[in-house]
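Before any comments, here is the structure.
The values are calculated or read from the model by the stated rules, or taken from the named source; none is laboratory data. Every value quoted in this text rests on a predicted model; they were computed, and no experiment measured them. Cβ atoms come from the backbone with ideal geometry, glycine included; neighbour counts cover every protein chain shown. All accessible areas refer to the heavy atoms of the entire protein, side chains included, with ligands and DNA or RNA removed. Shrake-Rupley method; radii C 1.70, N 1.55, O 1.52, S 1.80 Å.
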Amino acid sequence: MNNTQESANAREYKNTRTRAHDKIKILPQALEVMQKDGIESFPNECCGFLYGSETDVRQIELAVPVVNSKEGDQRRRFEISPLAYMKAERFAIENNTTLLGVYHTHPQHPAIASEHDLAKAMPYFSYVILSVIDAKVDDVKSWRLYDDKRAFYEETVELENFS
Amino acid sequence: MAQIIIPTPLRKFTNNESTFTTKGATVKEAIADLTTTHNGLAKHILDDQNNIRTFIRIYVGDDDINTLEKDATAISDSTVVSIIPAIAGGC
């Protein structure tokens, strides 16, 4: 299944569902960390955790890069180690913040959630994807899983200082 | 009593509580205690045979239970148990 088909399927499915939240605001300092990580890791995928707060709008205040622990070719895959995830949850508790999601890059590919992203996605988390084309961040999108895990819906991303 | 850290995506099943305190003496007992108290969690952590799902890892302290005694791993009052979902993907 290619990205276009998958996106169409997700759109069709979305029409049958009610979304709990559909907007995510990414503060400039968090965006800067993700952009820098994406560029420095190119042509490989990078990844990290997203922390922040949630009222009417989900707000990403902090992005923390973590090692892409995927063995082998990292140009099209990422993986976060269980130990890194455990530390991320502890960090959130100790710093009175909330682990709201994960970011990763799609080098030379659009910022569309793929079937590989869907396979291990968790409900509730925002999956922010940066498309990095020729070592430049070209697009930023955020995806969230329906509770029944069958598809993603796209969150409206509010960015400052992105050009 | 041992403490279980609930991963953020599953906290809607624990009334948004980030931790759960259990009297369980092993990981298996602790998970059973947790999923009985918050029964919406069970299908996300356990498979149809009541085993821990393959995409969920359980850590006791800093150690994966698969390197210890699996779900028979003993826990004590000072133990912190973490439930960890797999995080992976790509384009």
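Find all pairs meeting these conditions: Cβ atoms under 7 angstrom apart; at least six residues apart or on different chains; first residue within the stretch B:7-19 and at the interface with chain A (Cβ under 8 Å from one of its Cβ atoms); second residue open to solvent by 50 Å² or more (accessible area, probe 1.4 Å) and part of a helix (DSSP H, G or I).
B:SER18/A:ILE93
Considering every residue within the stretch B:37-58, establish whether at least one is buried (at least 18 other Cβ atoms within 10 Å of the Cβ) and among the aromatic types (Phe, Trp, Tyr).
No, the stretch B:37-58 contains no residue that is buried (at least 18 other Cβ atoms within 10 Å of the Cβ) and among the aromatic types (Phe, Trp, Tyr).
Considering only residues of the stretch B:61-70 that are open to solvent by 70 Å² or more (accessible area, probe 1.4 Å) and of a type in the set (D, E, K, R), which is nearest to the other protein chains (Cβ to nearest Cβ)?
B:ASP62
Out of A:SER81, A:SER69, A:SER7, I need the residue that is of a type in the set (Gly, Ala, Ser), surrounded by 13 or more Cβ atoms within 10 Å (Cβ to Cβ) and at pLDDT below 95. Which one?
Numbers: A:SER81 fails: at pLDDT below 95; A:SER69 fails: at pLDDT below 95.
Only one candidate passes the filter, namely A:SER7.
Does at least one position in the stretch A:103-117 carry a residue that is open to solvent by less than 10 Å² (accessible area, probe 1.4 Å), under 19 Å from B:PRO85 (Cβ atoms), part of a loop (DSSP other than H, G, I, E, B) and among the hydroxyl-bearing types (Ser, Thr, Tyr)?
yes
Where residues in the stretch A:118-151 are in a strand (DSSP E or B) and aromatic (Phe, Trp, Tyr), which of them is farthest from the other protein chains (Cβ to nearest Cβ)?
Pass one, the stretch A:118-151, residues in a strand (DSSP E or B): A:126-133, A:136-145.
Within this subset, residues satisfying the condition of being aromatic (Phe, Trp, Tyr) are A:127, A:143.
On the way: A:TYR127: 7, A:TRP143: 10 Å.
Among those that are in a strand (DSSP E or B) and aromatic (Phe, Trp, Tyr), it is A:TRP143.
Yes or no, residue by residue, for (1) in contact with a strand residue (DSSP E or B) (Cβ under 9 Å, 6 or more places away or on another chain); (2) in a helix (DSSP H, G or I); (3) of a type outside the set (Val, Ile, Thr); (4) within 11 Å of another protein chain (Cβ to nearest Cβ):
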site: B:THR36; (1), (2), (3), (4): no, yes, no, no
site: B:HIS44; (1), (2), (3), (4): yes, yes, yes, yes
site: B:ASN50; (1), (2), (3), (4): no, no, yes, no
site: B:TYR59; (1), (2), (3), (4): yes, no, yes, yes
site: B:ALA88; (1), (2), (3), (4): yes, no, yes, yes
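Residues being facing chain B (nearest Cβ under 9 Å) and either of a type in the set (Val, Ile, Thr) or in contact with a helix residue (DSSP H, G or I) (Cβ under 6 Å, 6 or more places away or on another chain) (or both): count how many of those fall in the stretch A:82-109.
The total comes to 5.
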